[in-house]
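First the structure, in the form of structure tokens, and then the observations on it.
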Amino acid sequence: MHVIAIGGSDAGISTALRARELDPAVEVTVVAADAYPNFSICGIPYYISGEVTHWRNLAHRTRADLEATGMRLRLDTRATRIHADTRRLVVADRNGNEEALGYDALMIGTGALPIAPPIAGLDALGPEQGVHLVHSMDDAFALTDTLERAGISRAVIVGAGYIGLEMAEGLTTRGLRVTQIEQLPEVLPTVDPELGALVHAELEQHGVTVACGTRVEAIAPAERGERALVVSATGPDGKPRSYPADVVLVVVGVRPNSELAASAGVKLGFRDAIAVDRRMRTNLPHVYGAGDCVETHHRLLGTTYLPLGTTAHKQGRVAAENILGREREFAGSLGTQVVKVFDLVIARTGLRDHEAQAAGFEPLTVASRADDHKAYYPGSHPIQMRFTAERRDGRLLGLQLVGQLGSEVAKRADVAAAAIHNGLTISELSDLDLSYTPPLGSPWDAIQLGAQTWERAARAAIG
Ligand SMILES: Cc1cc2nc3c(=O)[nH]c(=O)nc-3n(C[C@H](O)[C@H](O)[C@H](O)COP(=O)(O)OP(=O)(O)OC[C@H]3O[C@@H](n4cnc5c(N)ncnc54)[C@H](O)[C@@H]3O)c2cc1C
């Protein structure tokens, strides 16, 4: 049995590791277009900031660790064609030399590609001129090369999603003056604007200039200054704005890298991501898909596209289980995610109000706040929460939280994720036996107090 995984990141390596673990007799080959197998691209902002002192430290496992499991790594090797009828994968090395590899099962884990928005001048500019995308290890190296040039002090970041925010912190920590431009009215549009506003304030408190409701129209080399750039935008008042920069990061989201699969006859689905069933099978026999290149099964929404590293790991593992004859389904995502922005942590799981409404629920969203631990013990901070639950039966649908670093915001979101996963109601969340000691919590945990606030508001609203 020969399993080939295309892609050397979360999905591909998870498939390869699990296949080798389940059956050491299985031959496993990972074909990766780059030279960085099993690197944590999620750690790039912390390499850029200098907190991770060497890029090699971003490796989840070293190449030797991976090879010790018995998998074969074909790095700097691009998969160029899939012949599903004859079960052959054509690959090309750096010099374009092609070779066909036979497989019994193929797992496509080609990930996502960063979106290049329609900004005038963007096509003609690249790392040489100080304009960067942030997605791969090579992107990280190109960015550090720019940052190491003399006289680089002003950065403009186009986009204020979670990666843009992490980069704002990273570049500020590195000593740059950062301007963050977001076309939507508030930063971190994946949470409600009331919570985004707290993140906005945190950025400004750390010296980041934030321009929301501002649409970037063009990036061009400055007239004077060898490497400087000018970012032209339209502000919320409709008037033109201009931002000088030595380096520009464009971080506005990703799209599935599904062209190779599509050209082989693999069916695409939501947002052109590879259509897969819950066993990670595509429409072609013996061809599986996982990670950022495939659709995401969401426990509340059905099919969506939600590219996250946590999901890629799970899907890659599920693919391996099914390849080796086990019947395993991907249980589904809730879009649980967390981001640190300077001293704040923002997490969410499940649905926000408008998402729940669009999915056919009748949600009620209630804001609350509670201390992370007993206020009499030093260092307590409030956690801001927004609970979304079904109006009539109280079924928990979503939770968004913002708190201080150290306030266990992420793990509280994770408790809510476990509750939503299991279909718990708000009052069942409030009944959970959660831990307590004054330096770390309260007899009623913050999220239980928030749940009780939701119940009171629901009684007042619905009667
Ligand atoms: C800066 C940053 C921070 C992030 N932070 C988080 C976080 O905190 N939490 C979280 O859950 N997620 C985070 N993510 C998202 C997470 O990194 C991705 O969801 C995850 O990497 C997806 O894994 P993947 O294996 O599907 O694809 P990718 O990581 O995109 O890897 C794709 C692989 O396929 C290879 N490939 C592509 N085409 C070919 C081809 N034709 N032939 C051979 N190989 C090919 C590539 O070389 C690569 O090895 C972050 C992403 C970035 C960029």
Taking H as built 1.01 Å from N, whose amide H comes closer than 5 Å to the amide H of residue 344, not counting residues under 5 places away? 405
On the formula 1/(1 + (r/R0)^6), with r taken between the Cβ atoms of residue 123 and residue 393 and R0 of 51 Å, the FRET efficiency rounded to 0.05 is 0.50
Check: the chain dipole with +1 on Lys, Arg Cβ and -1 on Asp, Glu Cβ, in debye: 380
Report the extension gain between residue 97 and residue 359 in nm, rounded to one decimal, defined as 0.36 nm multiplied by the number of residues separating them, less their alpha carbon distance. 89.4 nm
Nitroxide proxy distance, nm - points 7 Å out along Cα→Cβ at residue 343 and residue 270: 3.8
Residues of the range 77-118 with amide nitrogen under 16 Å from the 7 Å Cα-to-Cβ point of residue 279? 105-107
Distance from the Cα centre of the range 153-168 to that of the range 254-332, in angstrom? 29
Potential extension, residue 141-residue 54 segment - 0.36 nm per residue separation minus Cα distance: 30.2 nm
From highest to lowest solvent-accessible area (probe 1.4 Å; ligands, DNA and RNA excluded), 202, 99, 355 read 99, 355, 202
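Sort 48, 115 from largest to smallest accessible area, using a 1.4 Å probe on the heavy atoms of the protein chains.
Sorted descending by solvent-accessible area, the residues read 115, 48.
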Go ahead and run the numbers for FRET between residue 1 and residue 381, Cβ-Cβ distance against an R0 of 56 Å, rounding to 0.05. 0.55
Counting heavy atoms of the protein chains only and a 1.4 Å probe, report the per residue accessible area for the range 229-337 as a whole number of Å². 42
Please give the contour-minus-distance gain from residue 239 to residue 80: 0.36 nm per residue of separation, less the Cα-Cα distance, rounded to one decimal in nm. 52.6 nm
If amide hydrogens are placed 1.01 Å from N in the peptide plane, which non-local residues have theirs closer than 5 Å to the one on residue 288? 106, 107, 108, 282
Show which aspartates and glutamates lie in cross-link reach of residue 374 when reach means a straight Cα distance below 18 angstrom and same-chain residues fewer than eight apart are skipped. 408, 433, 445
Under the rule of at least 5 residues apart or a separate chain, name every residue whose amide H is placed under 5 Å from the amide H of residue 178. 155, 209
Could you give each residue of the range 357-372 its phi-based ³J(HN,Hα) in whole Hz, using Karplus coefficients 6.51, -1.76, 1.60 with θ = phi - 60°, and x for Gly or Pro? 4, 5, 8, x, 7, 10, x, 10, 10, 10, 8, 8, 9, 8, 6, 6
Hey, what do the phi angles of the range 90-102 turn into as Karplus ³J(HN,Hα) couplings, whole Hz, using 6.51/-1.76/1.60 and θ = phi - 60°, x for Gly and Pro? 8, 10, 10, 7, 4, 8, x, 6, 9, 8, 9, 10, x
Residue 259-residue 65 FRET efficiency (beta carbon distance; Förster radius 30 Å; 0.05 resolution): 0.45
I'd like the carbon and sulfur percentage of the solvent accessible area for the chain, probe radius 1.4 Å, heavy atoms only, ligands and nucleic acids excluded. 49
Mind listing the phi-derived Karplus ³J(HN,Hα) values for the range 293-304, rounded to whole Hz, using 6.51, -1.76 and 1.60 with θ = phi - 60°, and x for any glycine or proline? 8, 10, 5, 10, 7, 10, 5, 9, 9, x, 8, 8
Cleavage-rule hits (trypsin sites (Lys or Arg not before Pro)) in the range 279-371: DSSP loop, at most 14 neighbouring Cβ within 10 angstrom: 326
Could you report the accessible area of residue 26 in Å², rounded to 10, computed with a 1.4 Å probe on the protein chains as they sit in the structure? 0
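The values are calculated or read from the model by the stated rules, or taken from the named source; none is laboratory data. Being a predicted model, the structure only gives us computed values, none of them experimental. All Cβ positions, glycine included, derive from the backbone under ideal geometry; neighbour counts span all protein chains shown. Side chains included, ligands, DNA and RNA excluded: accessible areas come from the protein's heavy atoms. Shrake-Rupley method; radii C 1.70, N 1.55, O 1.52, S 1.80 Å.
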